[in-house]
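**Student:** Can you read through this structure? Questions will come right after.
Values in this text are rule-based calculations from the coordinates and carry no lab data. Keep in mind the model is a prediction, meaning the values are calculated, not measured.
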Amino acid sequence: MVQIGVRWGGTASGPSDYVLFMKGKPLGALGAKKLEVGSEGVLVQAQRYSRDIVDGAGNWNGYRILFLYSSNGLQHWFADVRREDYMSRQPMDGLHAPEALADMFCTDPTVAVGWFKDHPVEETTRLRVYGLQQAIDEGYLVDFD
């Protein structure tokens, strides 16, 4: 079982709402909002936490915490900042489970993106075409060219 610690974290610009730790490493920064506030536009708060944390887990384009979250308790938004052109999205099942967070941290997404570049969807027989357009329309699949 993977355990994630959650606590307020200190940053150079002040305290964060929440930081998700795994084995002492800060992996996620969460900007918490009131229920009345939509959370889709407030990842900037988690971005600030990630840039300003004193002892981060690494450095990804100036971010020291890899995964950014924003939530008002009902809506959750997420971004993985390893790519300079990262996009935020809503996780399908809310916030990630600790095991998923640990797996994402240990996985290099460029390998998966490379596989899809080398294997066009039209040539991949294991993908179900009927869900493909919906996945593209909803932002789950992105053309990285």
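**Student:** So for region 5-107, what are the equivalent ellipsoid semi-axes in whole Å, largest first, each being the square root of 5 times an eigenvalue of the Cα gyration tensor?
**Tutor:** 18, 16, 13
**Student:** Provide the per-residue ³J(HN,Hα) series for region 97-114, in order, calculated from phi with Karplus coefficients 6.51, -1.76, 1.60 and θ = phi - 60°, each as a whole number of Hz, with x at glycine and proline positions.
**Tutor:** 5, x, 4, 5, 4, 5, 4, 4, 5, 8, 10, 8, x, 5, 5, 5, 4, x
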